[in-house]
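What follows draws every value from the coordinates through simple rules; no lab data is involved. Small disclaimer: the values here were computed from a predicted structure and weren't measured. Cβ sites come from the backbone with ideal geometry, for glycine too, and all protein chains shown count toward neighbours.
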Ligand SMILES: [Zn+2]
């Protein structure tokens with residue numbers, strides 16, 4: 001353990017530090033998913049986490065151990081968290097956060113029983129958002145996006161996957177990706193960005209023509225912007241679904257994106273069992289999302305390929321979809337992650353709420369839900385070397401829960417304004433609860 005002359009943050013007095021992992025593992029499969037590394041303070045003792053001036057975790061241990069290591073250190077910030085617990089910063093593995101025009105009017109239609117595809121056919125759904133997003137200025141989109149990032153941070157998210165996909169034309173897709181780039185420098189939440197130009201088939205176009213347009217026009221434009229240093233894009237996504245892009249078209253799009261150097265992280269087997277998971281596994285996709293209708297063969301293929309299953313309980317809840325086979329996935333060794341799927345259909349920015357839904361609706365236990373919302377979500381973005389657990393060398397991303405037991409974060413349904421005391425990103429406090 002290196003000595004520090006200056007450190008960014010010393011957090012001390014904690015009752016519990018839920019590290020999630022402590023051996024550098026990037027996934028915890030099967031039973032290991034609920035076998036978390038947890039430090040528990042003994043009576044009269046507290047626990048510390050030290051973050052160095054680069055924003056990385058320097059030490060985790062008892063207050064006395066950490067204090068003896070850093071006697072000479074000057075801290076930028078010391079946070080007394082006596083009686084509280086600490087978990088890793090949450091990672092939201094799937095969002096669509098850049099858009100204008102909410103769809104609150106459709107919520108009533110859906111409650112009255114309209115299906116996703118019926119809302120779509122009535123001129124609502126994604127095309128409503130596409131029009132509003134096309135017509136919005138870059139400045140307006142940025143302002144909306146920044147407000148959403150603030151709300152995510154307050155709910156404990158420190159890394160979020162963000163998709164484009166409400167442009168469906170090259171210009172608007174690039175505008176969305178630029179908005180992410182502009183937010184990146186000062187966002188309280190770190191951003192992993194995804195090109196999702198194949199989110200829907202534009203009006204008046206066949207899916208075949210849309211497939212060609214994504215591969216031949218949009219993708220080269222995004223690659224060009226990346227090469228020019230104007231954008232940073234990590235992953236690529238396609239909505240592989242009946243009536244959108246079929247498996248063969250999705251495969252062509254994903255292969256082209258893989259060849260261009262992007263990670264593959266796409267929507268598979270949400271509404272129909274198409275074999276999207278099998279296709280993704282055969283391409284070595286880093287992650288696939290939704291999977292409500294994944295087949296047993298699809299689950300086996302994902303276990304084999306190591307693709308992360310990104311489970312999105314809000315969408316299944318709002319659309320009343322059948323549950324994805326989460327227990328079978330965990331039992332067979334698929335790394336399961338969680339995301340809010342924040343979008344105009346599922347307006348949820350809170351990972352603790354998603355964890356609650358995953359436990360109740362999909363029968364995950366609390367520890368599995370935490371692994372899914374931290375380490376596995378980070379691994380789905382291939383950021384588990386830096387994110388997802390409280391380990392020396394990783395980024396100092398922490399959520400301080402205002403209770404001696406971390407489970408209150410999930411147990412107090414929708415109560416993060418009270419349960420979260422502080423959120424820390426790279427050693428900087430980005431949110432603190434107002435003291436009453
Ligand atoms: Zn989605």
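Structure notes:
- Label sites at residue 25 and residue 259, each approximated as a point 7 angstrom past Cα along Cα to Cβ, lie 3.8 nm apart.
- Prolate/oblate/rounded call for the stretch 202-300, Cα gyration tensor, a/c under 1.5 rounded: oblate
- Rounded to the nearest angstrom and listed largest first, the equivalent-ellipsoid semi-axes of the chain from its Cα gyration tensor are 37, 22, 20.
- Taken along its principal axes, the alpha carbon cloud of the stretch 56-134 reaches lengths of 66, 28, 18 Å, longest axis first.
- Taking the average, over residues, of other Cβ atoms within 10 Å as the packing measure, peptides 239-250, 58-69 rank 239-250, 58-69 from highest down.
- Estimated FRET transfer efficiency (residue 40, residue 242; beta-carbon r; R0 51 Å; 0.05): 0.55
- Degrees between helix 351-362 axis and first principal axis of the chain (Cα, 0 to 90, nearest 10): 70
- Here is the size of the stretch 47-94 from its Cα atoms: Rg then Dmax, 12.5, 42 Å.
- Once divided by 2.2 N^0.38 Å, the Cα radius of gyration of the stretch 285-329 becomes 1.12.
- Once the Cα atoms are used to define both axes, helix 296-305 deviates from the longest principal axis of the chain by about 60 degrees.
- Here the relative contact order of the stretch 90-380, from alpha carbon pairs under 8 Å that lie six or more residues apart, stands at 19 percent.
- Sorting the segments 33-42, 11-20, 402-411, 115-124 by their mean number of nearby beta carbons within 10 angstrom, highest to lowest, gives 11-20, 402-411, 33-42, 115-124.
- The stretch 101-226: C-alpha gyration tensor shape, a/c 1.5 cut-off, then a/b vs b/c: oblate
- Computed over the chain with a Gaussian network model linking Cα atoms closer than 10 Å, the most mobile of 224, 422, 96 is 224.
- Here the Kirkwood formula puts the hydrodynamic radius of the stretch 320-380 at 11.9 Å, using every distinct Cα pair.
- Percent antiparallel among DSSP beta bridges (both partners in the chain, rounded to 5): 45
- FRET efficiency, 1/(1 + (r/R0)^6) with R0 30 Å, evaluated for residue 230 and residue 273 via beta carbons: 0.15
- Taken over the stretch 1-133, the alpha-carbon convex hull comes to 210 cubic angstrom per residue.
- Residues 75, 99 arranged by fewest to most Cβ contacts within 10 Å: 75, 99
- Shape of the stretch 310-436, Cα gyration tensor, a/c cut at 1.5: oblate
- The stretch 272-373 - percent relative contact order, Cα under 8 Å, separation 6 or more: 24
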